[in-house]
Each structure stands twice: as structure tokens, then as C-alpha cells.
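Here is the structure we will look at.
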Amino acid sequence: MENKTVVLSIRNNVGIIFLNRPEAGNAIDLDMAKELMAAAIFCSENEEIRAVVITGEGKKFSVGGDLKTFTKEGKEIGSLLKNVTAYLHQAISYLTRMNKPLMVQ
């Protein structure tokens with residue numbers, strides 16, 4: 001998978017999902033939420049992957065939502081937050097419901 005904000009690698013049948021915005025504390029924006037959902041679907045459907053680890057690049061796992069991005073939206077903040085949370089919720093749903101062990105590090 002070629003993404004910018006979420007990087008997926010497979011090592012010894014373990015899918016390792018890296019949140020990859022260390023300069024922003026791995027803050028979750030719309031792009032990251034979309035890429036995390038794609039990685040979650042890939043991990044849940046790929047038979048080579050037998051377990052999944054989620055971790056963050058840099059010193060922080062994730063500081064949460066990207067407030068800098070959110071504040072730039074002005075009156076459109078409601079729509080943006082609904083989009084971000086929809087993708088993020090779907091990603092979490094796939095990861096927690098897949099029939100594979102999940103570790104958040």
C-alpha cells in the first residue's frame with residue numbers, strides 16, 4: 001500500500017500499521033483517517049496477515065485529532081469532523097472485528 005500518513009508493512013505474517021505524521025504528533029486528519037481505513041480493510045482481508053500491530057512513528061502514538069487542520073475549516077468544521085470520524089470509526093470497526101489478534105503499541 002502506498003500512503004503518506006499511514007504506512008503498512010508485513011513482517012513474519014504480522015501487519016504493522018504505522019501512523020506516519022510524527023511532525024504533527026501523528027494527529028489524525030482526513031487523509032490519515034481514510035488511509036487507516038484502507039489499511040484496516042487490507043489487514044482484515046489479507047490471509048497472509050495473521051496479527052496486526054498499530055504504532056506511531058516518532059515519540060507519540062497519536063495526539064488525537066488534528067486541531068490545526070480542523071480550525072482551518074471555519075464554518076465547514078461540522079462536515080469535516082463527520083468525515084474524519086466516519087472513516088476512523090470504520091477503520092476501528094474493521095480492526096476490532098477481524099479474526100486476528102490486534103495490538104496497539
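Taken together, the values in this text are just the output of simple stated rules run on the coordinates, not laboratory data. From a predicted model like this one, the values you see are computed outputs, not experimental measurements. Neighbour counts run over all protein chains shown; Cβ positions are idealised from the backbone, glycine included.
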Review point. For segment 6-104, what proportion of DSSP beta bridges, expressed in % and rounded to the nearest 5, is antiparallel?
Key: 40
Exercise for review: Can you tell me the 0 to 90 degree angle between the C-alpha axis of helix 30-45 and the longest principal axis of the chain, rounded to 10?
Suggested key: 20
Practice item. Could I get the Rg over Rh figure for the chain? Both from C-alpha atoms, Rh via Kirkwood, rounded to two places. Key: 0.99
Check your understanding: Not counting the cut sites, what is the longest span of the chain without trypsin sites (Lys or Arg not before Pro) that DSSP labels loop and that have at most 11 other Cβ atoms within 10 Å?
Key -> 5-58
Point to revise | the chain - mean residue ellipticity at 222 nm from DSSP helices (-39,500 (n - 2.57) per run, n ≥ 4, rounded to 500) | key: -13000 deg cm²/dmol
Check your understanding: So how much slack lies between Q90 and V7, counting 0.36 nm per residue of separation and subtracting their Cα-Cα distance, in nm?
Key -> 28.1 nm
Study note, to complete from the structure: Most exposed first, judged by fewest Cβ atoms within 10 angstrom, L95, L36 run L95, L36
Practice item. Using the charge dipole of the chain (Lys, Arg: +1 at Cβ; Asp, Glu: -1 at Cβ; taken about the Cα centre), state which of G15, G78, S44 has its Cα farthest towards the positive end. Key: G78
Review point. Which of the GluC sites (Glu not before Pro) across the chain are loop residues per DSSP, with 13 or fewer other Cβ within 10 Å?
Key: E2, E47, E48, E73
Study note, to complete from the structure: For the chain, averaging the sequence separation of alpha carbon pairs under 8 Å that lie six or more residues apart and dividing by its residue count, the contact order in percent is 34
Exercise for review: Evaluate the charge dipole of segment 6-104 about its Cα centre and quote only its size in Debye, nearest 20, assuming +1 on the Cβ of each Lys and Arg and -1 on the Cβ of each Asp and Glu.
Suggested key: 240
Check your understanding: By how many degrees, 0 to 90 and rounded to 10, does the Cα axis of helix 77-97 deviate from the longest principal axis of the chain?
Key -> 10
